[in-house]
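Worksheet: one structure, shown below.
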Amino acid sequence: MTPFSLKIVTPDGVRFDGQAEELIVRTTTGDMGILAGHINCVAPLGMGRATVIVDGVKRYAACIGGMVSVVDGAVSLVPTTFEWADSIDVARAERSMERALAVLDNKASADTDIVMAKARLRRALIRKDVGTTK
């Protein structure tokens with residue numbers, strides 16, 4: 001496959017800067033695959049697994065929020081959160097999931113707590129899924 005320039009930058013710093021052969025990310029409207037020669041575009045990111053193929057090797061990451069852009073063949077991924085599978089603490093994700101479920105199970109939880117717990121649960125499930133797929 002023909003490589004393209006990919007830069008992944010989060011508020012915490014650069015996560016990847018190099019050549020990739022394929023990028024698959026979850027946007028707010030579904031999964032988007034990018035190969036060399038992709039048309040120029042910008043899309044908002046949702047929550048999900050990102051797949052990056054470099055030198056024929058697939059790497060997975062939990063990718064949450066932000067945006068992806070393709071401009072003249074260069075791809076910029078600017079997520080709010082991006083964690084490579086091998087750096088995800090699965091036990092921590094499970095604890096976060098349990099805390100979120102406890103809020104959701106509590107009939108006395110405030111509406112704002114429920115909204116936040118649902119988001120926390122979704123993030124934890126994504127992190128757990130990606131963290132166990134290496």
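Just a few scattered comments:
- Using a cutoff of 8 angstrom between alpha carbon atoms and counting only pairs six or more residues apart, the relative contact order for segment 29-133 works out to 25 percent.
- For segment 1-75, size of Cβ-based charge dipole, Lys and Arg +1, Asp and Glu -1, in debye: 220
- Subtracting the Cα-Cα distance of residue 42 and residue 54 from 0.36 nm times their residue separation leaves 2.1 nm of extension gain.
- Here the Gaussian network model covers the chain, with springs between Cα atoms less than 10 Å apart; of 46, 30, 65, 30 fluctuates the most.
- Rounded to 5, the percent of DSSP beta bridges in the chain classed as antiparallel: 95
- Loop-located trypsin sites (Lys or Arg not before Pro) in segment 76-122 whose Cβ has at most 13 other Cβ within 10 Å (DSSP): 107
- Ordering 126, 97, 84 by Cα displacement along the dipole of the chain toward the positive end leaves 97 in first place; charges were set at the Cβ atoms of Lys, Arg (+1) and Asp, Glu (-1).
- Per residue of the chain, the DSSP helices (runs of n ≥ 4 H) give a summed -39500 (n - 2.57) that works out to -9500 deg cm²/dmol at 222 nm.
- Gaussian network model of the chain, springs between alpha carbon atoms under 10 Å - residue of 102, 74, 43 with greatest fluctuation: 102
- For the chain, a simple Cβ point-charge model (Lys and Arg +1, Asp and Glu -1, everything else neutral) yields a dipole of about 380 debye relative to the Cα centre.
- Helix 111-131 and the longest principal axis of the Cα set of the chain meet at an angle near 50°.
- Surface share of carbon and sulfur [accessible, 1.4 angstrom probe, percent] for segment 11-69: 53
- Cα long-axis angle, helix 90-105 against the chain (0 to 90 degrees, to the nearest 10): 50
- Under 28 Å, Cα to Cα: Lys pairs in the chain, sequence gap 8 or more or different chains: 9
- Remark: the residue 76-residue 32 segment gains 14.5 nm on full extension, using 0.36 nm per residue and subtracting the alpha carbon distance.
The values are calculated or read from the model by the stated rules, or taken from the named source; none is laboratory data. On a predicted model such as this, the values are computed, not experimentally measured, just so you know. Cβ sites come from the backbone with ideal geometry, for glycine too, and all protein chains shown count toward neighbours. Ligands, DNA and RNA are excluded from the accessible area calculation, which covers all protein heavy atoms including side chains. Shrake-Rupley method; radii C 1.70, N 1.55, O 1.52, S 1.80 Å.
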